[in-house]
Amino acid sequence: MSRSLHFAVVILNWNGLAHLRRYLPSVLRTNYDHWDCVLVDNSSTDDSVNWVQSYSGNKVRIVQLNKNEGYTGGYMQGLKAVEADVYVLLNSDVEVSIDWLMHLNTFMQSHPETAALQPKILSDRDRDKFEYAGAGGGMVDGLGYPFCAGRIFMDLETDHGQYDKPRQVFWVSGACMVVRSKAFWECGGLDTSYFAHMEEIDLCWRLQRAGHALMTCPEAVIYHWGGGSLSYGSSRKTYLNFRNSLFTIAKNLAPAEWLPKVWIRLWLDGLAAVYFLSRGSFGDFIAVIKAHGAFFRGIPRLMRIRRETTLPWIPLSRLRGVWLGRIWPYLAMGDAGRRQMAVKLRGFVESLTLKSP
């Protein structure tokens with residue numbers, strides 16, 4: 001095996017003192033020789049930076065930003081000051097195992113075609129279950145709706161080793177995105193207009209278009225609290241998810257399919273907005289309307305991105321990790337229907353498992 005890869009574990013922080021107190025100690029216990037820990041601070045107003053400096057001594061390098069740039073802008077600014085073979089974009093609310101970087105290094109050395117991967121992500125709220133943000137690796141359906149091995153919409157599976165073999169996926173989680181720095185910059189990095197949410201899917205889609213593979217490394221295990229900056233029930237999160245999902249498919253779908261699929265997604269978003277309203281979630285209803293307004297205002301920029309891209313256009317059906325069915329009917333199904341779809345999706349996920357040499 002060649003030399004060990006140099007990892008930079010880069011934690012983005014904004015007023016995250018409570019999370020840093022709880023989770024940073026596990027990161028600093030990491031057993032690996034070639035790595036750095038970097039805290040990129042999004043202009044926090046709490047005492048988090050002072051605490052990290054006091055607690056870690058010189059073990060954590062701090063990159064201080066002048067304002068809150070969000071997830072995407074914070075990382076894009078912070079990573080300019082970081083040199084490493086591999087970036088690990090790690091949320092501040094994550095506990096890691098002591099040998100996690102060893103497993104990631106071994107996997108990336110053995111699979112040089114892999115540009116990005118993620119560990120197995122379990123919930124720190126319920127450690128027997130997968131965590132929403134990535135679970136056992138991310139896929140999309142034929143309309144670009146995301147789901148995961150171990151998570152369909154808000155339904156989370158109990159982990160009993162069913163996804164413990166490495167597999168190719170469509171996207172890897174932004175809660176712990178392990179990405180080769182060269183591929184990250186060559187494919188344009190994170191889109192700063194997103195602020196947060198769906199940015200990892202957009203980047204992973206571009207990485208696939210560039211010919212790279214996306215993988216899971218389930219031997220490395222982390223525990224994610226989730227909803228640390230925006231809670232899962234936040235209407236702001238709803239707005240960003242709906243807007244950025246439309247941005248992502250409009251930017252990356254091949255010419256023959258992007259317009260029809262965006263049109264279908266707009267109609268389905270409208271149905272989702274009506275559903276939110278019927279449940280009394282007025283904030284989420286308004287969030288979808290605002291997301292559509294922002295999408296239409298962003299069309300000139302999206303068209304410019306499409307014109308200027310140098311990445312090849314690849315039909316969705318030819319990319320790895322794409323289930324060509326439709327996942328949205330799951331929301332309207334009863335228990336029996338959901339169980340049947342879950343079985344189909346588990347079969348699809350199994351088909352992505354790497355074959356043993």
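Can you pull out the residues in the range 268-284 that are more than 26 Å from residue 322 (Cα to Cα), assigned to a helix (DSSP H, G or I) and more than 24 Å from the chain's Cα centre (by Cα)?
274, 275, 276, 277, 278, 282, 283
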Inset, instruction - Could you check residue 354 against (1) at pLDDT 95 or above; (2) closer than 30 Å to residue 216 by Cβ and say which number it fails? - result: (1)
Inset, instruction - Quickly run through the range 111-123 and pick out the residues that are in contact (Cβ under 8 Å) with a residue 12 or more places away in the chain and over 20 Å from the mean Cα position of the chain (by Cα). - result: 111
Inset, instruction - Keeping to the range 62-77, report how many residues are surrounded by 20 or more Cβ atoms within 10 Å (Cβ to Cβ) and over 25 Å from residue 100 (Cβ atoms). - result: 3
Inset, instruction - Identify, from the list 265, 306, the residue that is in a helix (DSSP H, G or I), in contact (Cβ under 8 Å) with a residue 40 or more places away in the chain and surrounded by fewer than 20 Cβ atoms within 10 Å (Cβ to Cβ). - result: 306
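Return yes or no: is residue 135 closer than 30 Å to residue 335 by Cα, crowded, with 22+ Cβ neighbours inside 10 Å and out of contact with any strand residue (DSSP E or B) (no Cβ under 6 Å at 6 or more places or on another chain)?
Details: closer than 30 Å to residue 335 by Cα: yes; crowded, with 22+ Cβ neighbours inside 10 Å: yes; out of contact with any strand residue (DSSP E or B) (no Cβ under 6 Å at 6 or more places or on another chain): no.
No; evaluated as a whole, the condition is false for this residue.
Which fully enclosed helices (runs of 4 or more DSSP H) of the range 180-254 have 1 or more residues being in contact with a strand residue (DSSP E or B) (Cβ under 6 Å, 6 or more places away or on another chain)?
181-186, 199-209
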Inset, instruction - Pick out the one residue from 123, 173 that is surrounded by fewer than 24 Cβ atoms within 10 Å (Cβ to Cβ) and either at pLDDT below 95 or in contact with an Asp or Glu (Cβ under 8 Å, 6 or more places away or on another chain) (or both). - result: 123
Legend entry - Enumerated strands (runs of 3 or more DSSP E) restricted to the range 1-87, each holding at least 2 residues that are under 20 Å from residue 183 (Cα atoms) and within 23 Å of the chain's Cα centre (by Cα): 7-13, 35-41
Legend entry - Near pairs, Cβ below 8 angstrom, 6+ apart or cross-chain, from the range 25-47 (over 23 Å from residue 5 (Cα atoms)) to any residue that is modelled with pLDDT under 95 and basic (Lys, Arg): 42/67; 43/67
Inset, instruction - Give 276, 285 a once-over and let me know the one that is modelled with pLDDT under 95 and surrounded by 13 or more Cβ atoms within 10 Å (Cβ to Cβ). - result: 276
Inset, instruction - Give me the pairs, please: first residue somewhere in the range 77-105 and of a type in the set (Gly, Ala, Ser), second residue anywhere and part of a loop (DSSP other than H, G, I, E, B) and crowded, with 23+ Cβ neighbours inside 10 Å, beta-carbon distance under 6 Å, and either six or more positions apart or on two chains. - result: 92/16
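Scan 80, 59 and give me the residue that is within 23 Å of residue 199 (Cα to Cα), among the charged types (D, E, K, R) and surrounded by fewer than 19 Cβ atoms within 10 Å (Cβ to Cβ).
80
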Legend entry - Pairs, first touching a residue at least 40 places away in the same chain (Cβ under 8 Å) in the range 270-285, second part of a helix (DSSP H, G or I), C-beta under 7 Å, six or more apart: 283/235; 284/235; 284/238; 284/276
Legend entry - Single unsatisfied condition, residue 174 versus (1) over 25 Å from residue 28 (Cα atoms); (2) assigned to a loop (DSSP other than H, G, I, E, B); (3) touching a residue at least 24 places away in the same chain (Cβ under 8 Å); (4) not hydroxyl-bearing (Ser, Thr, Tyr): (1)
Inset, instruction - Identify the single condition in (1) in contact with a helix residue (DSSP H, G or I) (Cβ under 9 Å, 6 or more places away or on another chain); (2) without any contact (Cβ under 8 Å) to a residue 40 or more places away in the chain that residue 126 does not satisfy, given that it satisfies every other one. - result: (1)
Inset, instruction - Considering each residue of the range 188-217, count those that are crowded, with 23+ Cβ neighbours inside 10 Å and in contact with a His (Cβ under 8 Å, 6 or more places away or on another chain), and give that number. - result: 2
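The values are calculated or read from the model by the stated rules, or taken from the named source; none is laboratory data. Note that the coordinates shown come from a computational prediction; the quantities given were computed from them, not determined experimentally. In this analysis, Cβ positions are derived from the backbone assuming ideal geometry, glycine residues included, and neighbour counts consider all displayed protein chains.
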